[in-house]
Amino acid sequence: MSASHDDHHHGPAKGLTRWLYTTNHKDIGSLYLWFSFAMFLLGGTFAMVIRAELFQPGLQLVDPNFFNQMTTMHGLVMVFGAVMPAFVGLANWMIPMMIGAPDMALPRMNNWSFWILPFAFAMLSATLFMEAGAPNFGWTFYAPLSTTYAPETVTFFIFAVHIMGASSIMGSINIIATVLNMRAPGMTLMKMPLFVWTWLITAYLLIAVMPVLAGVVTMMLFDIHFGTSFFNAAGGGDPVLFQHVFWFFGHPEVYIMILPAFGVISAIIPTFARKRLFGYDSMVYATASIAFLSFIVWAHHMFTVGMPIAGELFFMYATMLIAVPTGVKVFNWVATMFRGSMTFETPMLFAIAFVVLFTMGGFTGLMLAITPADFQYHDTYFVVAHFHYVLVPGAVFSIMAATYYWLPKWTGHMYDERLGKLHFWLSFIGVNILFFPQHFLGLAGMPRRIPDYALQFADFNWISSIGGFLFGASQLILLVVVIKCVKGGKKATAQVWEGAQGLEWTVDSPAPYHTFTTPPDPKLIHAQ
Amino acid sequence: MLPKAKLWLSLIGAATILFSTQIQAAWELNMPRGVTQISRDTYDLHMQILWWCVAIGVVVFSVMLWSIINHRKSKGAVSATFHESTKVEIIWTIIPFAILILMAIPATRVLTEAYDASESEIDIQVIGYQWRWEYKYMRQNADEEEVSFFSIMSTPREQIDNQLPKDETYLLDVDNPLVIPINTKVRFLVTSNDVIHAWWVPDFAVKKDAIPGFINETWTIVEEPGIYRGQCAELCGIEHGFMPVVVHAVEREEYDAWYAQKQQEARTTREMANNVVTMEDALAQGEQVYSRNCVACHQAAGTGLPPAFPALAGSDVVNGDLEANINLLINGVPGTAMAAYGSQLNPIELAAVVTYIRNSFGNATGDLVQPAAVNTLIQAAQ
């Protein structure tokens, strides 16, 4: 009896219900990652429609209203459906294994926080097939365009955002509870891998700002259905209030999407440089500083709303300050590579590309912080280029780096290195052809979110679209690599990478269904 | 040897000429320097920060590239063991901080200049509508007529739909451009009638959000006569890409003459509001008004884009009570995209467009609306 009882508890259940009822952090991690990849392809499809319409001047494929629906849905799906769940998936898989815990602290809530997400996105995507059409007011949904002037489907959008927010809040409570309570003996805070640190800080950001997002969409709901006038000037409300509340959420949100990426890169570079991360302590403090600053810079998204000059100056100075801790991080990564013994497997390639291209996004971020210059950049393709540089070769590349890095641990097989490198190089070339010309477009005066443009913008749009198609198509290679790796391939060792450090590399590959049911030997825990 | 070198030189020369003319023609790479003190200051600031970034980038990426080339395992590199240095961390915290201060000083100076809208000679109200701009010149004294007009994109739909070749100023042309004098401080009071728009002229380095319920101020002193083009910069709905800003900056005398003529036109329009119009004139003018103001939503054939934008062809409202129809145009439909045109069109235009829609798209009420009748209803609405 006891043998069969043990079997029942130690392996995953069979069939679909395994995934539906699972409370296992590895299963839930996989669910999050597959879901986010599906959303990445969906949001990518919307992006392809946008780039196809912008391939040439004139309207060819879609009408302006549908174009606006595409820009809106692309942003929402990529931010809330692709990038955020991917990092939650990585956290689920890796945090318990990195800190020597048997599972997440709140496994049933973990199941729930994942399973409400598909419903949120089903609801949001369903609006595309409704008579009034999908939300068309941009992912930043500025009132009153998103209230008084919105299509009726805005209510579905509001409920979808509520569900996504609830999912994120539960996910982050779970991560905080796990990190603070379930570390193995000897795993002190300052010995935690940086991925755990960055996620701990990210989780606090999420808890702080997701309720603010919920608040702002609820105010919209009341304006639309219950006759209030939070954002309606005719009723004594204030449309600018919307932007302040939205960006109080929105700016920390930007760091929610990049801090875990810093953690991933801080794991990968030391592994492939075969050298300890330079300045671990300063990395932790820099992350905390960025998180703190993220709360006091929100109005740099709103330099043209007509704030008093004191406000403009405050937000300019505060924003410029972010360059200091971010610079420290980049310097530390470079110092880690300096005098290392480097090899360039796919995760390292993505990590190096991250450092270079994210830094370029950082430079344009610094330029955008300069208020008078921002008057020219604001709402142009310069901004589009900036945030895509930090989000695509930034956040998304880090997720891909993480996938290649930990895939052997997840599946027990080495992935196809040649295909991985092909994926990297096509993505790297594609992403730069796609987004670099957009700097020029913005400086030359092309506003964002327009379905058609003046003739002087034609050449760079054409080039950008070609890059877009190349980048988009290349992502299918990732799908092939992952499926091949799940199905088979060279057996991976527990260590996988020569230079890898940390508890996750002390367990077998693939990682057993349950790991660290007893705490690891404290001797295995090293300073990072 | 020599002829070969000559050949190369001439080839390079030809390529340079070809390349540079092409750059001037279509490959605009950078922010315009513009035609105002502020725009030049902004450009200089932009270039200064850009060069700082390039310099920092060159240093950081060089170290990185050097490491990538030299410190690779395949070359037998053995990794060092150093992993922290408080001294180094302090240095690379302080140096960026110092550079930021160097950037912040000129930025603060330019911002302070750009924010000083005092002592303007001419004040113009700029009002955003879905999807056009209205310009209202503030009267200098009480007995002047108020000069105000709408500025609507004049690029024909056929060019957008690729049925006609596109003009050089495709999407950047309007029927009535804003006219301002050069070397004069002009203040813009920017607001909106519906959603948020943003009024932007890159050559002036002026961009300000037009927000309903708020009046934002900004200003410019243009130094060169010319035609300056920009676009709405804040997503404002379906036709956001089709509401350009065009400004004619002219010599002071030319501006004064233009302003006097506008005064005269305003006076004539006010007087003509009592004239009786014929069906033929009303239909012709109505069609023009319709194509400028209504066609984006209700479409050229009156089919609309249901459900957001109802069809006019066969509509109960358009074929129903005349007075209710006129009132709907005057007051709009709150909570929908249908704006209150009583404040946007004059009685002559309103009367003409009502006549037009009630006698087009298969609607055949036979009604001929007179400006005076509309005027009465506008007065009543107020």
Quiz item: Before we move on, is A:ALA143 at pLDDT below 95, in a loop (DSSP other than H, G, I, E, B) and surrounded by 23 or more Cβ atoms within 10 Å (Cβ to Cβ)?
Solution: yes
Quiz item: Out of all the residues in the range A:329-348, is one or more surrounded by fewer than 24 Cβ atoms within 10 Å (Cβ to Cβ) and under 30 Å from A:GLY138 (Cα atoms)?
Solution: no
Quiz item: Quick one: B:PHE361 ticks every box in (1) within 28 Å of B:ILE127 (Cα to Cα); (2) surrounded by 20 or more Cβ atoms within 10 Å (Cβ to Cβ) bar one, so which box is it?
Solution: (1)
Quiz item: Any residue at all in the range A:44-55 that is within 16 Å of the chain's Cα centre (by Cα) and at pLDDT 95 or above?
Solution: yes
Quiz prompt | Selection from the range A:332-347 of residues that are facing chain B (nearest Cβ under 7 Å), outside any helix (DSSP H, G or I) and closer than 27 Å to A:ARG418 by Cβ | solution = A:GLY340, A:SER341, A:MET342, A:THR343
Exercise. Please enumerate the residues belonging to the range A:396-435 that are touching a His at 6+ places or on another chain (Cβ under 9 Å) and more than 22 Å from A:ILE256 (Cβ to Cβ).
Key: A:TYR404, A:LEU407, A:LEU434
Quiz item: Can you pull out the residues in the range B:99-120 that are surrounded by 13 or more Cβ atoms within 10 Å (Cβ to Cβ) and within 13 Å of B:VAL186 (Cβ to Cβ)?
Solution: B:ALA117, B:SER120
Quiz item: Taking interchain pairs and intrachain pairs at least six residues apart, which have beta carbon atoms under 6 angstrom, with the first residue in the range B:68-93 and at pLDDT 95 or above and the second assigned to a helix (DSSP H, G or I) and buried (at least 16 other Cβ atoms within 10 Å of the Cβ)?
Solution: none
Practice problem: Sort through A:THR155, A:THR148 and tell me the only one that's buried (at least 18 other Cβ atoms within 10 Å of the Cβ) and either within 14 Å of chain B (Cβ to nearest Cβ) or among the β-branched types (Val, Ile, Thr) (or both). | Solution: A:THR148
Quiz prompt | Residues that are among the aliphatic types (A, V, I, L, M), at pLDDT 95 or above and farther than 22 Å from A:GLY89 by Cα, drawn from the range A:115-133 | solution = A:ALA126, A:LEU128
Practice problem: Inspect all residues belonging to the range B:251-274 and state whether any of them is modelled with pLDDT under 95, surrounded by fewer than 23 Cβ atoms within 10 Å (Cβ to Cβ), more than 14 Å from chain A (Cβ to nearest Cβ) and outside any helix (DSSP H, G or I). | Solution: yes
Quiz item: Does B:LYS75 count as of a type outside the set (A, V, I, L, M, F, W, C) and more than 30 Å from B:ASN293 (Cα to Cα)?
Solution: yes
Exercise. Please verify whether the range A:316-323 includes one or more residues that are under 30 Å from B:ASN216 (Cα atoms) and touching an Asp or Glu at 6+ places or on another chain (Cβ under 9 Å).
Key: yes
Quiz item: How many residues are buried (at least 20 other Cβ atoms within 10 Å of the Cβ), within 14 Å of chain A (Cβ to nearest Cβ) and not aromatic (Phe, Trp, Tyr) if we restrict to the range B:121-171?
Solution: 8
Quiz item: Within the range B:167-223, which residues are charged (D, E, K, R), outside any strand (DSSP E or B) and touching a Leu at 6+ places or on another chain (Cβ under 9 Å)?
Solution: B:ASP167, B:GLU168, B:ASP194
Quiz item: Out of all the residues in the range A:293-302, is one or more surrounded by fewer than 20 Cβ atoms within 10 Å (Cβ to Cβ), at the interface with another protein chain (Cβ under 10 Å from one of its Cβ atoms) and under 22 Å from the mean Cα position of the chain (by Cα)?
Solution: no
Exercise. Would you confirm whether any residue within the range B:232-241 is of a type in the set (Gly, Ala, Ser), in contact (Cβ under 8 Å) with a residue 24 or more places away in the chain and closer than 17 Å to B:ASP123 by Cα?
Key: no
Quiz item: Does any residue of the range B:111-127 turn out to be out of contact with any Pro (no Cβ under 9 Å at 6 or more places or on another chain) and under 30 Å from A:PHE55 (Cα atoms)?
Solution: no
Exercise. Hey, could you check the range A:308-318 for residues that are crowded, with 19+ Cβ neighbours inside 10 Å and at the interface with chain B (Cβ under 10 Å from one of its Cβ atoms) and say which is farthest from B:LEU100 (Cα to Cα)?
Key: A:GLU312
Quiz item: Residues in the range A:258-269: is at least one out of contact with any Leu (no Cβ under 9 Å at 6 or more places or on another chain) and hydroxyl-bearing (Ser, Thr, Tyr)?
Solution: no
Quiz item: In the range A:78-93, is there at least one residue being at pLDDT 95 or above, in a helix (DSSP H, G or I), buried (at least 21 other Cβ atoms within 10 Å of the Cβ) and more than 19 Å from the chain's Cα centre (by Cα)?
Solution: no
Quiz item: In the range A:161-194, which residues are free of Cβ contacts under 8 Å to residues at least 60 places away in the same chain and over 20 Å from A:MET109 (Cβ atoms)?
Solution: A:THR188, A:LEU189
Quiz item: Right, B:CYS297: among the hydrophobic types (A, V, I, L, M, F, W, C), touching a strand residue (DSSP E or B) at 6+ places or on another chain (Cβ under 8 Å), at pLDDT below 90 and crowded, with 16+ Cβ neighbours inside 10 Å or not?
Solution: yes
Practice problem: Out of B:PHE242, B:PHE214, report the one residue that is at the interface with chain A (Cβ under 8 Å from one of its Cβ atoms), of a type outside the set (D, E, K, R), surrounded by fewer than 23 Cβ atoms within 10 Å (Cβ to Cβ) and within 13 Å of the chain's Cα centre (by Cα). | Solution: B:PHE242
Quiz item: When you scan the range A:51-69, how many residues do you find that are surrounded by fewer than 22 Cβ atoms within 10 Å (Cβ to Cβ) and either aliphatic (A, V, I, L, M) or not in a helix (DSSP H, G or I) (or both)?
Solution: 10
Quiz prompt | Residues of the range A:363-385 that turn out to be under 17 Å from the mean Cα position of the chain (by Cα) and buried (at least 24 other Cβ atoms within 10 Å of the Cβ), as a count | solution = 1
Quiz item: In the range A:388-444, what residues are over 20 Å from A:ALA267 (Cβ atoms) and of a type in the set (Phe, Trp, Tyr)?
Solution: A:TYR389, A:TRP425, A:PHE428, A:PHE435, A:PHE436, A:PHE440
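The values are calculated or read from the model by the stated rules, or taken from the named source; none is laboratory data. If you're wondering where the values come from, they're calculated on a predicted model, not measured in any experiment. Cβ atoms come from the backbone with ideal geometry, glycine included; neighbour counts cover every protein chain shown.
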